[in-house]
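Take a look at the structure set out below.
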Amino acid sequence: MYGTYQQQERLTEDDILQGMLESRQRFAKLDNSRGYQHSFRKKSKWELVRLSLLIVGIECTYATETALVAPILLGIGLPHTVMTMIWATPSLAGLLFAPVIASVSDRLRSRWGRRRPVLLALGCTILTGMLVLPNGPAIGELVGLTSVGWVATITTVGLIMSDFSAETSNGLCRTYAMEVCTIRDQARVLSIMVLTGGIGATMGALFGAINWNRLGIGRLLGGNGPSVFAANWIVLFVGLLVTLTSFSEIPLPVQESEPMLRPVTQKMLLDEVKRAQGEGRVQDEKEEVQEVVGFKQFVHNVLHMPRSMKVLCLTQLLSHMSYLTYCLYYTDFVGATVYEGDVRALKGSAAAERYDDGVRFACLGMALCSTTSSIYSVFIEGLIVRFGARPVYVGGLLAHCCGMLAMGLMPHKLVVFGCCALTGVMYATIYSIPFLLISHYHSKNCFTEVDGQYVESIEPRGFGVDVSMMSSMLCLAQLIVSLAIGAVIDAVGSTIIITFISSAFMLCAAGSAMAILYMGL
């Protein structure tokens with residue numbers, strides 16, 4: 001995610017980096033009881049996988065929620081309009097509180113570190129939410145609140161706990177992984193997280209495709225929904241345990257008091273290269289402690305975005321609106337339109353069975369989407385080198401656009417299933433190229449082009465803040481889609497409309513992607 005500095009010789013830069021890391025590792029080894037020396041050495045692939053296992057659980061949670069929340073809420077007796085408004089609550093909470101939690105994490109002075117205590121609290125919240133979400137009717141019966149309104153409220157609380165905490169944990173987990181890795185390992189761990197995330201999403205979708213009642217587990221746990229969430233609960237618990245016990249963090253007070261235990265950043269490396277080549281004085285060591293970005297700074301960066309970032313954020317917003325229109329209603333679309341089932345039909349009836357079969361088939365399609373995304377992510381960098389970022393970006397978006405259009409015009413099983421692979425191509429695209437472009441802008445410190453020349457920015461922008469803004473596009477998109485699409489479905493009277501809406505959003509995103517500043521990438 002961090003660009004290299006082309007003006008410096010690569011070998012010289014690597015030699016200087018290695019020297020900085022070795023000196024810090026020797027210093028850390030003077031007190032082996034604290035175990036901080038791992039922060040200054042290269043990590044093995046298995047160690048990077050350990051750091052990524054929480055992402056497996058988080059993506060598994062996303063897939064489970066995407067597949068089953070709509071059927072769960074509709075099964076309670078809610079109309080599509082109310083169901084989609086409930087989907088908006090976690091994204092609204094994310095827009096309001098995610099920057100606050102990130103700011104608290106930046107300032108945390110715990111001896112256990114800054115990220116792991118917050119991740120532990122969020123992880124426990126996700127686990128609790130996954131127990132509440134599929135068992136709203138059972139919990140309501142237990143406490144004597146059996147009306148539709150109370151059951152919906154209990155279910156909504158579980159949804160907010162799981163979805164909001166998972167979304168917040170996603171960014172913090174990546175931050176934690178990059179902070180305990182060297183700058184040369186950061187790109188590796190992010191790539192591994194994309195792959196393991198795809199595995200987690202595939203697992204979540206496959207859990208939804210299993211008929212747990214036939215295995216006997218469903219009857220024991222109260223149905224297919226609770227059984228899927230129970231399997232997801234185990235995956236998340238293992239991922240949380242393995243990741244949080246992988247590597248200790250260097251606490252903020254230690255970094256402030258001992259400069260030799262501060263992680264080596266790309267800026268520190270460049271300053272050291274300049275010092276070695278006699279290009280002037282660099283900033284004082286006291287200024288190297290990572291700057292805390294609070295909510296005010298976040299708002300300032302949003303209000304003063306250069307045009308290149310505005311276009312990139314608009315493209316990401318439209319892309320997520322298209323993807324969320326598909327994924328939030330896909331299982332209901334397949335169950336109701338393709339299989340001609342009815343989520344509100346009596347249990348055991350032919351219509352109810354057809355709907356359940358459709359949901360399980362849709363989960364297989366989502367598993368294909370996740371698998372395709374993981375495979376395609378391996379080839380994206382090579383495709384960019386060969387064809388350039390613009391054709392790869394726009395092509396990935398148009399793949400989903402065409403797939404959704406075909407799905408709406410020909411709502412047959414094979415077409416609906418096959419088009420999920422095109423959505424997987426799009427998903428890998430929007431979770432790689434936009435962040436690569438942000439890295440490209442920051443590595444050159446250029447966000448504007450004037451008369452064909454790239455202009456260096458005089459106003460510093462935080463890399464983390466820009467990444468956070470891109471992540472916030474998902475919350476904003478979910479809020480918009482959740483508040484609007486349900487009413488459209490109820491007005492039209494068919495879920496097939498979501499395929500055409502999704503295709504239209506993605507066509508707009510592809511047009512916006514044509515206007516992005518690629519700076520030769």
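Among the residues making up the range 418-445, those that are in contact with a Gly (Cβ under 7 Å, 6 or more places away or on another chain), within 21 Å of Gly520 (Cβ to Cβ) and polar (S, T, N, Q) are Thr429, Ser439, Ser443. The set of residues in the range 36-95 that are surrounded by fewer than 24 Cβ atoms within 10 Å (Cβ to Cβ), out of contact with any Asp or Glu (no Cβ under 9 Å at 6 or more places or on another chain) and small (Gly, Ala, Ser) comprises Ser44, Gly75, Gly77, Ala88.
Tell me, yes or no, whether the range 312-325 has at least one residue that is farther than 30 Å from Arg219 by Cβ, in contact with a His (Cβ under 8 Å, 6 or more places away or on another chain), outside the structural domain of Thr66 (by the TED database) and buried (at least 20 other Cβ atoms within 10 Å of the Cβ). So that I can check it myself, show each step before the final result.
Initially, the range 312-325 is screened for residues farther than 30 Å from Arg219 by Cβ, giving 312-325.
Filter again for in contact with a His (Cβ under 8 Å, 6 or more places away or on another chain), leaving 322-323.
Now restrict to residues that are outside the structural domain of Thr66 (by the TED database): 322-323.
Remaining after also requiring buried (at least 20 other Cβ atoms within 10 Å of the Cβ): 322-323.
Looking for residues that are farther than 30 Å from Arg219 by Cβ, in contact with a His (Cβ under 8 Å, 6 or more places away or on another chain), outside the structural domain of Thr66 (by the TED database) and buried (at least 20 other Cβ atoms within 10 Å of the Cβ), one finds at least one in the range 312-325, hence yes.
Name the residue that is surrounded by the most Cβ atoms within 10 Å (Cβ to Cβ), counting only residues in the range 96-132 that are of a type in the set (Ser, Thr, Tyr) and under 24 Å from Thr155 (Cα atoms). Even if it seems obvious, please write down each step before you answer.
If we filter the range 96-132 for residues that are of a type in the set (Ser, Thr, Tyr), which is where we start, we get 103, 105, 110, 125, 128.
Retained after the next criterion (residues that are under 24 Å from Thr155 (Cα atoms)): 125, 128.
Values: Thr125: 18, Thr128: 16.
Ranking the candidates gives Thr125 first.
The single condition among (1) of a type outside the set (Gly, Ala, Ser); (2) closer than 23 Å to Tyr518 by Cβ; (3) open to solvent by less than 10 Å² (accessible area, probe 1.4 Å) that Val334 does not satisfy is (2).
Could you please find all residues in the range 485-503 being of a type in the set (Gly, Ala, Ser) and without any contact (Cβ under 8 Å) to a residue 40 or more places away in the chain?
Step one: of the range 485-503, the residues of a type in the set (Gly, Ala, Ser) are 486-487, 491, 493-494, 502-503.
Listed by number, the residues that qualify are Ala491, Gly493.
Out of Arg386, Arg390, report the one residue that is without any contact (Cβ under 8 Å) to a residue 40 or more places away in the chain and either in a helix (DSSP H, G or I) or more than 19 Å from Leu314 (Cβ to Cβ) (or both).
Arg386
For the condition closer than 18 Å to Cys401 by Cα, in the same structural domain as Met407 (by the TED database) and part of a helix (DSSP H, G or I), Tyr355 does not qualify. For Lys347, the conditions (1) farther than 21 Å from Ala209 by Cβ; (2) outside any helix (DSSP H, G or I) all hold with the exception of (1). No other residue among Leu405, Leu437 is part of a helix (DSSP H, G or I) and either open to solvent by less than 10 Å² (accessible area, probe 1.4 Å) or in contact with a strand residue (DSSP E or B) (Cβ under 6 Å, 6 or more places away or on another chain) (or both) apart from Leu437.
Of the helices (runs of 4 or more DSSP H) contained entirely in the range 210-253, those carrying at least 3 residues that are open to solvent by less than 40 Å² (accessible area, probe 1.4 Å) fall at 224-244. Filtering the range 360-391 to residues that are among the aliphatic types (A, V, I, L, M) and open to solvent by 10 Å² or more (accessible area, probe 1.4 Å) leaves Leu364, Met366, Leu368, Ile375, Val378, Leu383, Ile384, Val385. In the range 462-521, the residue that is surrounded by the most Cβ atoms within 10 Å (Cβ to Cβ) out of those that are assigned to a loop (DSSP other than H, G, I, E, B) and of a type in the set (Ser, Thr, Tyr) is Thr495.
Within the range 53-66, is there a residue that is modelled with pLDDT under 85 and in the same structural domain as Leu159 (by the TED database)? Checking the range 53-66: at least one residue is modelled with pLDDT under 85 and in the same structural domain as Leu159 (by the TED database). For residues that are within 30 Å of Asp15 (Cα to Cα) and buried (at least 24 other Cβ atoms within 10 Å of the Cβ), tally how many sit in the range 144-179. Number of matching residues: 3.
The values are calculated or read from the model by the stated rules, or taken from the named source; none is laboratory data. As the structure is a computational prediction, the values presented were derived from the model and not from experiment. Methodologically, a virtual Cβ is constructed for each residue, glycine included, from the backbone with ideal geometry; neighbour enumeration extends over all protein chains shown. To get the accessible areas, we keep the full protein, side chains included, count just its heavy atoms, and leave off ligands, DNA and RNA. Shrake-Rupley method; radii C 1.70, N 1.55, O 1.52, S 1.80 Å.
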